[in-house]
Amino acid sequence: MPDITLQDFPPDDWQSFERFSFGDTPALADALLALVLCGRKTATCWAAADGQQTEPGRRSVVCDGSGRPRAIVETVSLRRIPFNAVSEDFARKEGEGDLSLCYWRQAHRRFFEGLGLYSDTMDLWCEEFEVVHVFPAGG
């Protein structure tokens, strides 16, 4: 794993980084961002049908539910895994609920069903990341 340390200032080119928010609603984006900012959430996933959206070493700007930049993360690993093969370790790194694989499966099944994408064998992109910069909350 690369040696990544939290930076006091964002990189000069940070405004050129891809921006995204977690989840599919402003409230969920804020809740998941809070988990990232406290260090509990260090992983995420999405349907492989949505394409490979990052690669190891790429930095992205995480926005809150209102679209304001709140953090810069760097992808440290990316794997394509079937839904039913996601590990307990990865579920814990997603940082949600009680951190169990059971909770992860229930929450993610509901999420992907809501998008009309769910299948027990659907492929996911499973990303692990590290926060490299946090923007001030008011900025």
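The values are calculated or read from the model by the stated rules, or taken from the named source; none is laboratory data. These numbers come from a predicted model, not from an experiment. Neighbour counts are summed over all protein chains in view; Cβ atoms, including those assigned to glycine, are modelled from backbone coordinates with ideal geometry. All accessible areas refer to the heavy atoms of the entire protein, side chains included, with ligands and DNA or RNA removed. Shrake-Rupley method; radii C 1.70, N 1.55, O 1.52, S 1.80 Å.
Compute the acute angle (0 to 90°) between the alpha-carbon long axis of helix 101-114 and the principal axis of greatest extent of the alpha-carbon atoms of the chain; round to the nearest 10°. With rounding to tens, the tilt is 90 degrees.
Remark: the chain carries 53 Å² of accessible area per residue (probe radius 1.4 Å; ligands, DNA and RNA excluded). Report the far tail of the P(r) of region 25-104, meaning the percent of Cα-Cα pairs longer than 14 Å. Beyond 14 Å sits 66 percent of the P(r) for region 25-104.
Surface composition of the chain: carbon and sulfur atoms hold 50% of the protein heavy-atom accessible area at a 1.4 Å probe.
Relative to the longest principal axis of the Cα atoms of the chain, the long axis of helix 26-37 makes an angle of roughly 70 degrees.
Projecting the Cα positions of 133, 95, 115 onto the charge dipole of the chain (unit charges on Cβ atoms of Lys, Arg, Asp and Glu, taken about the Cα centre) puts 115 furthest along the positive direction. Between residue 30 and residue 52, the FRET efficiency estimated from the beta carbon spacing at R0 = 25 angstrom works out to 0.45. Placing a pseudo-label 7 Å from each Cα along the Cα-to-Cβ vector at residue 81 and residue 13 gives an inter-label distance of 3.1 nm. With each label modelled as a point 7 angstrom along the Cα→C-beta vector, the residue 101-residue 122 pair spans 2.0 nm.
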